[in-house]
1. So how far apart, in nm, are the two label points at E96 and S160 if each is 7 Å from Cα heading toward Cβ?
2. Provide the per-residue ³J(HN,Hα) series for segment 109-117, in order, calculated from phi with Karplus coefficients 6.51, -1.76, 1.60 and θ = phi - 60°, each as a whole number of Hz, with x at glycine and proline positions.
3. Pick from R21, R115, R100: which is most flexible by mean-square fluctuation in a GNM of the chain where alpha carbon atoms under 10 Å apart are linked?
4. What is segment 46-135 by shape, rounded, prolate or oblate, if you read a ≥ b ≥ c off the alpha carbon gyration tensor as root eigenvalues and call it rounded for a/c under 1.5, prolate for a/b larger than b/c, and oblate otherwise?
5. Among R22, R85, R45, determine the one that fluctuates most according to a GNM of the chain built with springs between C-alpha atoms less than 10 Å apart.
6. Using θ = phi - 60° and the Karplus relation 6.51 cos²θ - 1.76 cosθ + 1.60, list the HN-Hα couplings for segment 41-57 in order, rounded to whole Hz, with x at every Gly or Pro.
7. Can you give me the angle between helix 138-147 and the longest principal axis of the chain, using Cα atoms only, in degrees from 0 to 90, rounded to the nearest 10?
8. Can you give the Rg/Rh ratio of segment 1-43, where Rg is from the C-alpha atoms and Rh is the Kirkwood radius?
Amino acid sequence: MTEMTAQIAKKMITYDSGDIRRIEHFMKVYGYAAAIGKLEGLDPRTQEILEAAALLHDIGIKVSEEKYHSSAGKYQEMEGPAEARKLLNGICPDTEITDRICWLIGHHHTYSDIRDLDHQILVEADFLVNLSEDHASEDSVLHTLENIFRTKSGIDFLRSIWNLPA
């Protein structure tokens, strides 16, 4: 964890203070994303962007629930980037990095046309956690494996976690 991601983790835990489930969710997504990114050989800058986006990916939920009475993915994608920008102010002076983090947050529920490895890994890490937290059926896990997962590391994790044959 870099200094920047440590500061983001600290601010996100404060942001979601008292909501243990939400805090544990983003910390688990962070863990999977960090591991998959390293295993897939991301360069250090992209790795840091991925890790920051993993910590921040659901930051739009609070605003979505207030504005739309829903935490649906489309609302998270709409509201998350602006909330993330506020949190990143003073932590990340590089506007290109902030822009990429916000783009990833604004697309973490968009599964069609994934072109970039950091986007793919963020989606996979979120699915690894959501499938577990939602107590997904084996059919649902297999469907996700077939339709969403593309990285070798993400596929290996999914297969191992659910004890699926290779």
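1. According to this spin-label approximation, the distance is 3.4 nm.
2. Computed from phi, the couplings for segment 109-117 are 10, 9, 9, 8, 6, 6, 10, 9, 5 Hz.
3. So, out of R21, R115, R100, the one fluctuating most is R115.
4. oblate
5. Most flexible of the set in this elastic network: R45.
6. With coefficients 6.51, -1.76 and 1.60, one gets x, 4, 5, x, 5, 5, 4, 5, 4, 4, 5, 5, 5, 4, 5, 9, 4 Hz.
7. That helix lies at roughly 70 degrees to the long axis.
8. Using Cα coordinates only, the ratio equals 1.04.
The values are calculated or read from the model by the stated rules, or taken from the named source; none is laboratory data. Source: prediction; values computed, not measured. As a convention, Cβ positions derive from the backbone with ideal geometry for all residues, glycine included, and neighbour counts pool all protein chains shown. The protein model used for the area step is the full one, side chains on, heavy atoms only, and it has no ligands, DNA or RNA in it. Shrake-Rupley method; radii C 1.70, N 1.55, O 1.52, S 1.80 Å.
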